[in-house]
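Taking it in order: structure first as structure tokens, then the write-up.
The values are calculated or read from the model by the stated rules, or taken from the named source; none is laboratory data. For clarity, every value in this text was computed on a predicted model and none was experimentally measured. Here the Cβ positions follow ideal geometry from the backbone for every residue, glycine too, while neighbour counts run over all protein chains shown. Note: accessible area is taken over every heavy atom of the protein model, side chains too, but ligands, DNA and RNA are not part of it. Shrake-Rupley method; radii C 1.70, N 1.55, O 1.52, S 1.80 Å.
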Amino acid sequence: MSRLRLVPPAGAPLPVRSVLPALLPGAGRHQHLVTRLAEHLGVAHPLFVSSGRAALAILLNELRRHSDRREVVIPAYTCFSVPSAVARTGLAIRLCDVDPKTLDLDLNALLRLDLEKVLCIVPSGLHGFPADLVAMESIARTAGAFLIDDAAQCLGATRDGKACGSFGDAGFYSLGRGKGITTMGGGILVTHRPDIAEGVARAVRELPQASAGSIGVAIASSLAYSAMLRPSRYWIVDRVPFLELGASRFEPEFPIARLSAYQTRLAAELLPGVEAYHEIRRHHAEMLRAGIEGVEGVEIPRPIEGSRPAYLRFPILVRDGADRSHVLRELRDAGITASQSYPTSIRDVPGIEPYLARDQEACPGAREIAGRMLTLPTHPGVTRHDIDVMVTTVRGVQRRAAQALR
């Protein structure tokens, strides 16, 4: 690894010119963000809370008031925050397999599930890839279940020209690190249904305000993130072990509060730039696809037809775990931090068992993804040279692996 340069695995720019205005109190900033969300995403009546998983938990608690069903369908491979939120509400997790070719819920597997006890279906737009939300709306409606559009990683992504997060009965976004924009934590809830909006708004009003300590952490973190995300500096924070960058944990107990005024102001400053950032990510993703596609032993998940992904990262599936380790190590030696994404399928998460519904289906696709997938950085800090290095490394590792098998 270059001592003075290390490309982060993901990240959204957080310029000082956005952070400094957000530090200044100002009337009307909340409404400013509401207006910008309506302009950029077509979503109305958003509500702002402390995290994406907090947003999902609030939505689930509201939906359970409308039904006596108590199971929630989630992808068997997704961010650990999703099962954490379900577990926090006391609902049972029903796993559905994931298609390695799309990273989306396997629709055949979904149709095989007994949905009579299912309160809602929560597809995840993994790494900014929109799910087949039109098909899932139909499946949920037929089954009498709700659909929550998990757009935590899909802020700014679309399906058939419609913003992710606005499908189904309700949706949410995350403002955490590594998302489309970041306020160093935060979540946005949206719904077009007045009955759900009323209950969710009431729940958010009853939440505690962000504590002085959490506000201080958000301010300090955003200033540090702004300074240290650059590849020329990221290697410094990467060597601090207690930061545990990229760690994935299943945590059924987590705080839920309102989003701080500072973070709300920061989101309003950052939102207009999200599409420009995504255009850079899409351009980088297409260069990576052009360089890697067709390599023996590598599969590249394809976006659903009609979707416009955000490409927070560029996912690929290599031959096996050994090849993945070789790619990750060689890229790191070259100054690029790729990632294996989430370390296990949800079924294999330590401590998950008590929260699962009975009689789970086998989910081989999820386990295959967990064993083979790695993600390559696409953010604006990536250079053309970095892309060439990533392509050359992947091609070289896979070529050597193919030769060893002959």
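The number of residues in segment 63-81 that are outside any loop (DSSP other than H, G, I, E, B) and open to solvent by less than 10 Å² (accessible area, probe 1.4 Å) comes to 5.
Among the residues of segment 162-184, those that are touching a strand residue (DSSP E or B) at 6+ places or on another chain (Cβ under 7 Å) and aliphatic (A, V, I, L, M) comprise ALA170, LEU175. Within segment 113-168, being open to solvent by 10 Å² or more (accessible area, probe 1.4 Å), assigned to a loop (DSSP other than H, G, I, E, B) and in contact with a Lys or Arg (Cβ under 6 Å, 6 or more places away or on another chain) holds for one residue alone: LYS117.
A count restricted to segment 307-320 and to residues that are open to solvent by less than 40 Å² (accessible area, probe 1.4 Å) and part of a loop (DSSP other than H, G, I, E, B) stands at 5.
A quick yes/no check of all residues on (1) open to solvent by less than 60 Å² (accessible area, probe 1.4 Å); (2) in contact with a Pro (Cβ under 8 Å, 6 or more places away or on another chain); (3) at pLDDT 95 or above; (4) closer than 18 Å to PRO301 by Cβ:
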position: ARG324; (1), (2), (3), (4): yes, no, yes, yes
position: ALA338; (1), (2), (3), (4): yes, yes, yes, yes
position: TYR355; (1), (2), (3), (4): no, yes, yes, no
position: GLN360; (1), (2), (3), (4): yes, no, yes, no
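Annotation for segment 189-204: no member residue is at pLDDT 95 or above, open to solvent by less than 10 Å² (accessible area, probe 1.4 Å) and farther than 20 Å from PHE48 by Cβ.
Does segment 33-53 hold any residues that are assigned to a helix (DSSP H, G or I), open to solvent by 70 Å² or more (accessible area, probe 1.4 Å) and in contact (Cβ under 8 Å) with a residue 24 or more places away in the chain, and which are they? Correct list: HIS40 only. Sub-6 Å Cβ pairs linking a first residue in segment 1-27 that is over 26 Å from THR378 (Cα atoms) to a second residue that is of a type in the set (Phe, Trp, Tyr) and at pLDDT 90 or above, at least 6 apart or interchain, are ALA22/TYR262, ordered by first then second residue. Residues that are more than 23 Å from ARG233 (Cβ to Cβ), aromatic (Phe, Trp, Tyr), touching a residue at least 12 places away in the same chain (Cβ under 8 Å) and in a loop (DSSP other than H, G, I, E, B) are absent from segment 352-373. Restricting the first member to segment 293-307 and to residues that are on the phi < 0 side of the Ramachandran plot, and the second to residues that are in a loop (DSSP other than H, G, I, E, B) and of a type in the set (A, V, I, L, M), the beta-carbon pairs closer than 8 Å and six or more apart or on different chains are GLU293/ILE300; VAL298/VAL318; PRO301/LEU103; ILE304/ALA131; SER307/ALA157.
Per-residue answers, yes or no, for (1) at pLDDT below 95; (2) within 30 Å of LEU24 (Cβ to Cβ):
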site: ARG233; (1), (2): yes, yes
site: ARG239; (1), (2): yes, no
site: LEU243; (1), (2): yes, yes
site: GLY246; (1), (2): yes, no
site: ALA261; (1), (2): yes, yes
site: GLU269; (1), (2): yes, yes
site: GLY273; (1), (2): yes, yes
site: HIS283; (1), (2): no, no
site: MET287; (1), (2): no, no
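Within segment 37-60, can one find any residue that is at pLDDT below 95, among the small types (Gly, Ala, Ser) and under 30 Å from SER341 (Cβ atoms)? There is at least one residue in segment 37-60 that is at pLDDT below 95, among the small types (Gly, Ala, Ser) and under 30 Å from SER341 (Cβ atoms). If only residues of segment 372-385 that are out of contact with any Leu (no Cβ under 9 Å at 6 or more places or on another chain) and modelled with pLDDT of 95 or more are counted, the one that is nearest to GLY11 (Cα to Cα) is PRO377.
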